[in-house]
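In what follows, a single structure is set out as structure tokens and then discussed.
Nothing in this text is a laboratory measurement; each read-out follows from the coordinates by a stated rule. Keep in mind the model is a prediction, meaning the values are calculated, not measured. Positions of Cβ are generated from backbone atoms using ideal geometry, with glycine treated the same way; all protein chains shown enter the neighbour counts.
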Amino acid sequence: MKRYNPTSKSRRNMTGINFRKFVTSAKPVKSLTKGFRRGDGRNNTGRITTRHKGGGHKRRYRDIDFSFDKKNVPFMIKTIEYDPNRSGFIGLVAYKDGERRYVLLSKTARVGDTYIVSETAPLTSGNRLPLKNIPVGTFVYNVEVKPNGGAKIARSGGNYVEVSAKDQGYVDLKMPSSEVRKVLETAWATIGEVSNDENRLVNLGKAGRSRWLGIRPTTRGTAMNPVDHPHGGGEGKQGRGRRRAISIYGKPTGKGQKSRRAKKYSNKFIVRRRKVGKK
């Protein structure tokens, strides 16, 4: 971790990632980048559907390969790069046939390492295999929910999923949230953990740094008027006046309350619900 001299109150506890230790190239490949509209929490009619989002620094989008559709062709890591759109490091890889792509790197990846996407790939960090060929107890990331549907699970910095059991064509995966979920054994996953595990230790230090990231301030419901929030109103500081804490839309929120729909389509794939509430 990188620490700063306390030149101001906000600087005193601020920390960051020492990118010079990991990143080998500062400029992305132009053919694999494009412009895009930042997520500002609005839907197609302009209404806010996700609060506390907006602003932030302008970014270029790096086209990351999450489908891994080029199988049985080895590739080598050429550079390790920072991606402003995700917390893990990405790498420019060159396949043996000459094609170049960006991929999400594992914790142990280094420039010059060679990996492969294959059903018979060795069980080493960075290689990609079907879940049925990965032993129980192995840590994996970039996991597919459906076969050939592209990596969806465990993609943020330092994250991983544990293969915990196999039964009747399904593999049980223990998620970072402690939930245990079934996935078809023909879905693919990459062995190892996502790079940049120090990301969770970063202390932003000041409100302005959140704004650079596109995170807007959160106002407490109790500080609002009754017209703006169910917890609002009252003279002085008040309790919420109801048994359950609810959001601005009247839905259960916080304090470990369950908000999952009773008829959610994926309920049948959940073996054990995640642990909620205070640790």
Task: the range 63-118: mean projected area of Cα convex hull, nm² - done: 3.7
TODO: With +1 on each Lys and Arg Cβ and -1 on each Asp and Glu Cβ, and nothing else charged, work out how big the dipole of the range 94-228 is about its Cα centre, in Debye to the nearest 20.
DONE: 540
Open item on the list: How large is the Rg to Rh ratio of the range 147-279 when both quantities use alpha carbon positions and Rh follows Kirkwood?
Closed with: 1.07
Open item on the list: List residues of the range 165-204, by number, whose backbone nitrogen lies under 18 Å from a label position 7 Å along Cα→C-beta of Ser247.
Closed with: none
- [ ] Along each of the three principal axes of the Cα atoms of the range 1-63, give the extent in whole Å, ordering the values from largest to smallest.
- [x] 46, 35, 14
Open item on the list: I'd like the distance separating the alpha-carbon centroids of the range 233-279 and the range 138-208, in whole Å.
Closed with: 24
Open item on the list: A 30 angstrom limit on the alpha carbon distance is what I want to check against. Which of Lys71/Lys275; Lys53/Lys96; Lys206/Lys264; Lys70/Lys182; Lys34/Lys275; Lys9/Lys30 exceed it?
Closed with: Lys71/Lys275; Lys53/Lys96; Lys206/Lys264; Lys34/Lys275; Lys9/Lys30
- [ ] Please name which of Ser210, Leu184, Met1 has its Cα lying farthest along the dipole of the chain towards the positive end, using unit charges on Cβ (Lys, Arg +1; Asp, Glu -1) and the Cα centre as origin.
- [x] Ser210
- [ ] Could you tell me what percent of the DSSP beta bridges with both partners in the chain are antiparallel, to the nearest 5?
- [x] 95
TODO: State to the nearest 20 debye the size of the charge dipole of the chain about its Cα centre, where the only charges are +1 on K and R beta carbons and -1 on D and E beta carbons.
DONE: 1680
TODO: Please give the contour-minus-distance gain from Asn133 to Arg42: 0.36 nm per residue of separation, less the Cα-Cα distance, rounded to one decimal in nm.
DONE: 28.6 nm
- [ ] Quote the Stokes-Einstein diffusion coefficient, in whole µm² s⁻¹, for the range 219-279, based on the Kirkwood radius over alpha carbon pairs, a temperature of 10 °C and a viscosity of 1.306 mPa s.
- [x] 116
Open item on the list: With 17 Å as the cut-off, how large is the P(r) tail for the range 170-216, expressed as percent of Cα-Cα pairs?
Closed with: 61
